[in-house]
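First the structure, in the form of structure tokens, and then the observations on it.
Nothing in this text is a laboratory measurement; each read-out follows from the coordinates by a stated rule. Everything quoted here is computed from the prediction, not taken from an experiment. Virtual Cβ from ideal backbone geometry, glycine too; neighbours counted across all protein chains shown.
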Amino acid sequence: MYLLKLIFITLTMFMLSACAGGSTGQKNQEIAQNNDIEPMAEEERLYGEGGGHPVSYRDEVDGKMTTVYYPTDIPAGMKVPVVFFASGYKSYDSKDYESLLTFIASRGYYVIYAKHAWNNVFANMDKILDNKNGILPKLDTTRIGVVGHSLGGGYSFNILKHFSDKGYGINGRFIMVLEGYYAYNLTKQEMQNLPSNTNVVMQQYGKGGNNIVNNTDPRITLTEFYMLDSIAKSQKDWQIVEMDNADHHYPTGNRPYSQMQGILKPLDALMEYTFKGTLSAHDVALEVGSDDPYAEGNGIQVVNLIDNYDTKCDYDILAIDYCDMEQWYD
């Protein structure tokens, strides 16, 4: 009998304690709401820092026209997104862009670098993706990116179209053009109808986007930017990097990441937003510059007289008038 009483008393005390605790918890919640105390948010990671993946690279066996940089610690059977990288004129060696290529791979992605970007670029990229190399099974081809510098930037839109036509990128696409040089082998209509899920960053270097080393009329790339009708303004950004070392060669070489933040920070966020859907990465990647860089002559991109440039805007590669910026304000 004594044991039964002891059990009853113990259970009663436990129930009273639980009720009091629930009431106190509810009260604390009400106090927090009344004082507009928000839950602590997750700490936003710093973009532009190298990733934690160890990196290696290999040349394509036959002809060595492409090089692949890749993270070496991806578990067997796991697929990761792929970035296609188009080099500038006369960039024969992937070491010409070692910092950029290593950075992308360190974030956990494969990078396919095309040497001689102007010469059979699609055939070379397709070749390294054939089954003989064993690379394709490692890639999540539903998520792709294209980075191009100078002449390679001029091919970037066509590279995106080429692989999109093969069914790549249905779950995410991006393009990052680093001082592009024209837009090769695409019509105006094709430029205006690129896949709508593409995120686009286009960069110019130097004060007002006119660096001495480039000496190319920015109307060329401005025209391309304004032709992206199928892509929402929230998904594209024109950026000018005015750091002391930001000239046409800024994307090249093997230098500390700290010296390349003008590229690496938005690129890192662009990959994070495109491949993983991280919403906090959007503004870091796509709200840096302007959605209207020309702005009827009042935008962030300085446009000098055409004759001031060695490479003028009067080449009819896209069957449009590059010089007539007023066409975008009719």
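Hey, rough spin-label estimate for residue 314 and residue 122, points 7 angstrom out along Cα→Cβ, what's it come to in nanometres?
Calculated label separation equals 3.2 nm.
If we count other beta carbons within 10 Å of each Cβ, what is the order of 149, 248, fewest first?
Ranked by crowding around the Cβ, least crowded first: 248, 149.
Restricting to bridges with both residues inside the stretch 55-329, how much of the DSSP beta-bridge set is antiparallel, in percent to the nearest 5?
Here the share of antiparallel DSSP bridges comes out near 25 percent.
In terms of modelled amide H atoms, which long-range or inter-chain residues lie less than 5 Å from the amide H of residue 311?
217
I'd like the distance between the alpha-carbon centres of the stretch 82-102 and the stretch 242-263, rounded to an integer number of Å.
The stretch 82-102 and the stretch 242-263 have Cα centres spaced 14 Å from each other.
Cα extents of the stretch 160-221 along the three principal axes, largest first, in whole Å?
40, 22, 15
Under 19 Å from the Cα of residue 138, which lysines turn up, not counting those fewer than eight places away in the same chain?
Those lysines meeting the cut-off are 79, 127, 166, 276.
Residues of the stretch 261-290 with the amide nitrogen closer than 16 Å to a label point 7 Å from the Cα of residue 45, along Cα-to-Cβ, please.
Backbone N within reach: 264-285.
Taking the Cβ of residue 307 as the centre, find all other residues whose Cβ is under 15 Å away and add up their charges (Lys, Arg: +1; Asp, Glu: -1).
In short, -1.
Mind listing the long-range amide H neighbours of residue 83? Cut-off is under 5 Å, sequence gap 5 or more, other chains count too, H placed in the peptide plane at 1.01 Å from N.
The list, which skips near neighbours in sequence, is 110, 111, 112, 145.
How are the C-alpha pair distances of the stretch 55-329 spread across 5 Å bins, as whole percents from the shortest bin up?
1, 6, 14, 18, 21, 17, 12, 6, 3, 1, 0, 0
Please give the charge dipole size of the stretch 55-329, origin at the Cα centre, charges +1 on K and R Cβ atoms and -1 on D and E Cβ atoms. Round to the nearest 20 debye.
Computed charge dipole of the stretch 55-329: roughly 1140 debye.
Taking the convex hull of the Cα atoms, report for the stretch 76-196 its projected area averaged over all directions, in nm².
The orientation-averaged projected area of the Cα hull of the stretch 76-196 comes to 7.4 nm².
When a/c is below 1.5 the answer is rounded, else prolate if a/b is larger than b/c, else oblate, so apply that to the stretch 206-311 with a ≥ b ≥ c taken from the square roots of the Cα gyration tensor eigenvalues.
In terms of gyration-tensor shape, oblate.
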